[in-house]
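Down below is the structure, laid out as structure tokens.
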Amino acid sequence: MIEIRGLTAHAEFQDAVRLQQQIWGFEEIELLPVRLFVVALKVGGQVFGAFDGQRMIGFCLAIPGLKPGGLKAGGKSYLHSHMLGVLPEYRDAKVGKRLKLAQRDEALSRGIDLIEWTFDPLEVKNAFFNMERLGAIVRRYVFNQYGTTTSHLHGGLPTDRCIAEWWIGSPRAEAIIAGRPFERNPIEIRIAIPAEIAAIRSDDPKRAREIQQQASQEFQRAFEQGLAVIGFERSKKAGTYLLGKWESS
């Protein structure tokens, strides 16, 4: 039995720091420190861990955010889910989804309706999970968000990121999480990423960079037209982002 629970103790935060090294291979300078976990919990963020017995095998960290302009100017408060990681041997055990659902339940209990996070558009498995298992959408693309990192998973590429918007109380999210049919708007644009992108990133960084640049241009053009990523398809050849008008109701 894998248990999901809130983290509160410094020893648990230290375990989360160690998991960062195991999962991403970050050098020490790039690790989120214990004090950030402490602060996040004290200022309205979230810290959850996944445990197999006494062993922590995954965690997630969210911090509170405020959209530009402040509340008086129409800005919006939300949660930014900054980091979620699960040890490789547990990645097919739905631990990531259970951590996200714990975030959702806690946020809804406080009247929060939006959780955002960044993800690498070249990680097609994550994209499928975000869109087709959680019901998130994407309307923004950020170039080299974190700079070049020491993680082997990033392959030395610029850290371009999509911004996932998870409107956690929306009909879209509720239907998709429950596995019910959800009628989305017509698909207007498709952006495909080769299914073998992980191998390309490792073996042919130049080609991986070309794929990244091409995708970034396609995302930017689509977002300028007011479209959003509203779905994702996977095949043996590619992972394909499906873009259309977002059902905002």
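Does Pro181 fit the bill of being part of a loop (DSSP other than H, G, I, E, B), free of Cβ contacts under 8 Å to residues at least 12 places away in the same chain and over 14 Å from Tyr141 (Cβ atoms)?
The answer is yes for Pro181.
Among the candidates Val17, Val47, single out the residue that is in contact with a helix residue (DSSP H, G or I) (Cβ under 8 Å, 6 or more places away or on another chain), free of Cβ contacts under 8 Å to residues at least 24 places away in the same chain and either outside any helix (DSSP H, G or I) or closer than 21 Å to Arg91 by Cα (or both).
Val17
Within segment 57-96, restricting attention to residues that are of a type in the set (A, V, I, L, M, F, W, C), under 21 Å from Leu114 (Cβ atoms) and part of a helix (DSSP H, G or I), which residue is modelled with the lowest pLDDT?
Filtering first and then ranking leaves Ala73.
Could you check how many residues of segment 173-213 are among the charged types (D, E, K, R), at pLDDT below 95, within 19 Å of Ala228 (Cα to Cα) and surrounded by 14 or more Cβ atoms within 10 Å (Cβ to Cβ)?
So the count comes out to 1.
Tell me which of these Ala107 doesn't satisfy, since it passes every other one: (1) out of contact with any helix residue (DSSP H, G or I) (no Cβ under 7 Å at 6 or more places or on another chain); (2) farther than 24 Å from Cys162 by Cα; (3) touching a residue at least 60 places away in the same chain (Cβ under 8 Å).
So Ala107 meets the others, but not (2).
Got at least one residue in segment 165-172 being within 17 Å of Tyr241 (Cβ to Cβ), of a type in the set (A, V, I, L, M) and crowded, with 17+ Cβ neighbours inside 10 Å?
No, there is no match, as no residue in segment 165-172 is within 17 Å of Tyr241 (Cβ to Cβ), of a type in the set (A, V, I, L, M) and crowded, with 17+ Cβ neighbours inside 10 Å.
The values are calculated or read from the model by the stated rules, or taken from the named source; none is laboratory data. Given the structure is predicted, the values throughout are model-derived calculations rather than measurements. Virtual Cβ from ideal backbone geometry, glycine too; neighbours counted across all protein chains shown.
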